[in-house]
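No value in this document is a laboratory result; all are computed from the given coordinates. Given the structure is predicted, the values throughout are model-derived calculations rather than measurements. Quick reminder, even Gly has a Cβ in these numbers, built from the backbone with ideal geometry, and neighbours come from all protein chains shown.
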Amino acid sequence: LAALVWISVMAIASPCSLPLATEIAAMVAAQVDCIVFNKRTLTIGKPVVVDITLLKNMKPKEFFLLVAAVEANSRHPLAKAIIEHAKECGEDKDNFLLPEAHDFDLIAGRGLKAIVQSKQILVGNKSLMIVHNISIMDDAKKKLAEIERKGQTGVLVSIDSELTGIVAISDPLKPGAREVISILKSMKVRTIMATGDNWGTANSICRQVGIETVIAEAKHQQKVKEVEKLQDQGHAVAMVDGSRSNSLALAAADVGIAVGARTGIAMEGY
Ligand code: ADP
Ligand code: MG
């Protein structure tokens, strides 16, 4: 039966590799009874833009060029989705040219800012807007809540201190993720999801996949603390994560499973 559980985890952590299989063997040995999944290990991992709300009079193409120019400086999966969408908006996908961005700033856990075509652009979540004193109108708040209820992520964009657009980005659950969680539950393995994404989106994803414990809007250090807290309660904890920047939490767990193509995680983090 235990083997079944780990094969299921492997299904989530696909594509399976030899190092992963070794990790799973280690998990069985460690008698892991608690697994913390990063949100992105439960989803397909290819976020796409599914909706856009423009709050000011501006052409979508013009809007996306500005936003993509800022996102060109980020490695976040949300950035990839936005750049890909900007390409689709243009006439010639292969000769795609973005305006230049300067004075670029990355605000951890919140998003980005930069100057493009002499405009100050902010791209990120609600708290990025709040710390920059950008007011979020009731209509925008409603739209954002609607996006989060669906388990999508709403990316807010302000241009010259005015909220200008909301981009809804979707990353659907992996097929089989729900089943894996239900098998783990039947084995009395506690499942937890941790993410830097907002509470609304995180709760919705957890409801869909069947995970009861949610840790949202979490900074990297907080993920480490959560792992340690579970260990203090006597749990043997496995952490499944695909982001290089979370390697500290992976290392803190009894078993850390680094998922995905970014194999540098194992070498850089420990
Ligand atoms: P996670 O890796 O779990 O997404 P992060 O700390 O990297 O956590 O990001 C937290 C939140 O900050 C994201 O969910 C998003 O709302 C916002 N954010 C971060 N980077 C970007 C980006 N490049 N573009 C838009 N929003 C971003
Ligand atoms: Mg991140």
How would you rank 67-75, 46-54, highest first, on the average number of other Cβ atoms within 10 Å across their residues? 67-75, 46-54
For a quick check: sort Met58, Met129, Met239 by the number of other beta carbons within 10 angstrom, fewest at the front. Met58, Met129, Met239
If you place +1 on the Cβ of every Lys and Arg, -1 on the Cβ of every Asp and Glu, and leave all else neutral, what size is the dipole of segment 48-170 about its Cα centre, to the nearest 20 Debye? 400
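Give me the number: length gained by fully extending Gln221 to Phe104, i.e. 0.36 nm times residue separation minus the C-alpha to C-alpha distance, one decimal in nm.
Gain on stretching Gln221 to Phe104: 39.7 nm.
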Relative compactness, segment 89-238, computed as alpha-carbon Rg over 2.2 N^0.38 Å: 1.28
Considering just Cα atoms, how many Å³ per residue does the convex hull of segment 56-141 enclose? 110
Along the positive direction of the dipole of segment 48-170 (beta-carbon charges: Lys, Arg +1; Asp, Glu -1; about the Cα centre), which of Val155, Ile115, Ala72 reaches farthest? Val155
Distance in nm between Ser245 and Asn73 label points, each 7 Å along Cα→Cβ, equals 1.4
